[in-house]
Amino acid sequence: MIKLYNEIPDSCKWQIVEPLNKGWSNDQKYYIRTADGRELLLRVADISQYENKKQGFEAIKQLDNLDILISHPVDFGICNNGQSVYSLLTWIAGKDAEYLLPELNSKYQYRLGVRAGEILRILHQVPAAKNQISWSERFNKKINRNITDYETCGIRLEGADKIIEYIEQNRCLLKNRPQCFQHGDYHAGNMIVTKSGELGIIDFNRLDYGDPWEEFNRITWCADVSAVFASGRINGYFHNNVPALFFRLMALYIASNQLSSIPWAIKFGHKEVSTMLRQAENVLKWYDGFQTCIPKWYISNSIE
């Protein structure tokens, strides 16, 4: 274990190094506490990921001046005798939002959702990297791949034809969509509520650039935990003035994501496949088999 990180500057001053097992990333993750009381997050990946991790680390630096609570980059480099690449980030202390939300009253859940939407809107102020190909071209390729992967994975979801039909009927909405910085995995599982009640955002490991509204493709995980939180997230993002086009596009992105989640889950085993099938079934119910584009859980009015 010490061999893994002893080349990292100042690692000799680390008093506590605890492995973390949460999440789907292949990275090895550790909670660090230094001799002077600082708390850090260490992520270690195979050296083959060097360029990808370097780009991600540099991209997160763009967020340093934003007035939001996130894990900030501290250090980046090579360790473990050249076999690994590491990223060191600040640690956000608090409780995982996905576990805390059910313990809170509806008003507090909604307020946290509104804040999640406000933070996301701030993140989306960061422009996309230069020379991005058009969003329509990019996402249509992704849709084609998702449909093919589903149709060849050998697992069948009742109602998948309705999902695919909605996707095909609404591809045209992808034309001329703007692009910006994306967190890439924005949902309650990657949010922390601090002791003072502040909402923090963690795990930018899937950051990307694309349509800002695509970031709502994982709001399904928020809605599973708290419908009022998920609703607050939408209302907070749009200052309670949600455009009709948004719901059509959110449904398109959710439809595509749900379809891809089934073949994606296969490598994680039967339990995860069952989880994704259950969620896809829920999504079909929320959207009445995609006969509507506004999910049943959505609450348009503020909860105060």
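The values are calculated or read from the model by the stated rules, or taken from the named source; none is laboratory data. Being a predicted model, the structure only gives us computed values, none of them experimental. Counting neighbours? That spans all protein chains shown, and the Cβs are built from the backbone with ideal geometry, glycine included. Protein only, heavy atoms only, side chains kept; ligands, DNA and RNA dropped before computing areas. Shrake-Rupley method; radii C 1.70, N 1.55, O 1.52, S 1.80 Å.
Of all the residues in the range 17-26, those that are touching an Asp or Glu at 6+ places or on another chain (Cβ under 9 Å) and open to solvent by less than 80 Å² (accessible area, probe 1.4 Å) number 2. Got a number for residues in the range 27-53 being within 21 Å of the chain's Cα centre (by Cα) and open to solvent by less than 80 Å² (accessible area, probe 1.4 Å)? Here the count works out to 12. Pairing each residue of the range 104-129 that is closer than 17 Å to Lys195 by Cα and open to solvent by 10 Å² or more (accessible area, probe 1.4 Å) with any residue that is at pLDDT below 95 and not hydrophobic (A, V, I, L, M, F, W, C), provided the two are 6+ apart or on different chains, yields C-beta distances under 9 Å for Arg111/Glu304.
So that you can scan it fast, the table gives a plain yes or no per residue for (1) open to solvent by 40 Å² or more (accessible area, probe 1.4 Å); (2) under 16 Å from Arg43 (Cα atoms):
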| position | (1), (2) |
| --- | --- |
| Ile60 | no, yes |
| Ser71 | no, yes |
| Gly82 | no, yes |
| Val85 | no, yes |
| Trp91 | yes, yes |
| Gly94 | yes, no |
| Leu101 | no, no |
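Only helices (runs of 4 or more DSSP H) whose full extent lies in the range 201-279 are considered here, and the ones with at least 3 residues that are of a type outside the set (Asp, Glu) and surrounded by fewer than 19 Cβ atoms within 10 Å (Cβ to Cβ) are 244-265.
Can you name the residue in the range 64-97 that is hydrophobic (A, V, I, L, M, F, W, C) and without any contact (Cβ under 8 Å) to a residue 60 or more places away in the chain and, of all such residues, is nearest to Gly200 (Cα to Cα)?
Per the stated criteria, the residue is Leu89.
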